[in-house]
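Inspection log for the structure reproduced underneath, given as structure tokens.
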Amino acid sequence: STLGVEVRTNMRIGVDLSWDDLRASADAVFVAIGASEGARLGIPGEDADGVITATEFLVRSNLPPEELPESLRTSLGSPKRVVVVGGGDTSMDCVRSARRLGAEEVTLVYRRTEAEMQGRIEERTHAVEEGVRFEYLASPIEVLHDAEGHVSGLRCVRMELGDADDTGRRRPHPVEGSEFDIAAEIVVTAIGYNVDPEWGVAVPSVTRDRWDRLVVDPE
């Protein structure tokens with residue numbers, strides 16, 4: 001504030017202040033809302049009890065309940081089997097935290113090979129040392145659950161690498177007839193983050209890409 005910056009808290013664009021009014025109040029608007037929503041798998045059964053995002057899993061498994069919001073204070077219990085979907089450092093944090101939580105079987109599912117993983121090698125090395133099982137070239141196709149709606153496993157399909165995509169990495173394709181199941185009480189999704197979809201509702205006139213990210217003025 002000593003530099004002349006005005007900070008206005010508890011302001012929601014589209015609710016407390018319209019996007020048009022915000023644009024009219026300044027010569028330029030810098031949007032720095034980040035990507036806070038855990039990406040979804042987009043497969044059947046994903047809404048089963050026991051499917052949680054990486055952020056929620058890490059928070060609930062590493063912080064005391066009294067330090068958490070009320071909605072996150074429910075105990076994770078003592079799962080014997082945990083499956084984590086992903087291939088970056090966050091997924092490594094999840095599988096190692098699952099082992100520390102007492103899970104006897106912890107499996108990481110990644111759709112490409114180890115060579116394509118983007119996380120740090122030392123994190124994978126530590127995970128292997130701690131007993132984590134890696135299922136490379138595998139992709140989830142369905143979350144399995146019991147009659148009460150709680151996770152009982154993850155159905156996956158084997159993948160094979162094809163031609164490179166626009167990122168330069170070889171695109172994985174499913175192998176027909178190669179489905180297999182992994183038993184689990186908890187499935188953790190660690191496949192990245194998206195922009196809060198409410199942002200798009202609040203600013204319908206702003207151009208966004210397929211990930212709901214703002215398309216900015218290059219100038």
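Just so it is clear, none of the values below were taken in a lab; they were calculated from the coordinates. All of these numbers come straight from a predicted model, not from anything done at the bench. Please note: Cβ atoms are built from the backbone with ideal geometry, for glycine as well, and neighbour counts cover all protein chains shown.
Counting only alpha carbon atoms, the long axis of helix 89-100 and the longest principal axis of the chain meet at about 50°. Once the range 94-219 is represented by equal point scatterers at the alpha-carbon sites, with solvent omitted, what log10 I(q)/I(0) does the Debye formula produce at q = 0.11, 0.14 Å⁻¹? Relative scattering, expressed as log10 I(q)/I(0), comes to -0.56, -0.84.
What's the long-distance tail for the chain, i.e. % of Cα pairs beyond 21 Å? Walk me through the numbers on the way to the answer.
Numbers: 15097 of 23871 pairs.
Of the Cα pairs, 63 percent sit more than 21 Å apart.
Excluding residue 45 itself, what net charge comes from residues whose Cβ is under 10 Å from its Cβ, given Lys and Arg +1 and Asp and Glu -1? Here the charged neighbours net out to -2.
So, counting K/R as plus one and D/E as minus one, what does the shell of residues with Cβ under 11 Å around residue 171 add up to? Show your work: numbers first, answer last.
Values: positive: 111, 112, 169, 170; negative: 116, 160, 163, 165, 166.
Computed value for this residue: -1.
Among 150-161, 65-76, 14-25, 176-187, the peptide with the highest mean count of other Cβ atoms within 10 Å heads the list, and the full ranking is 150-161, 176-187, 14-25, 65-76. Distance between Cα centroids, the range 4-27 to the range 168-184: provide it in whole Å. Their Cα centres are 46 Å away from one another. Positive end of the dipole of the chain (Cβ unit charges, origin at the Cα centre): among 157, 125, 139, the Cα lying farthest that way belongs to 125. Rounded to the nearest 20 debye, the dipole size of the chain about its Cα centre is 420 debye, using +1 on the Cβ of Lys and Arg and -1 on the Cβ of Asp and Glu.
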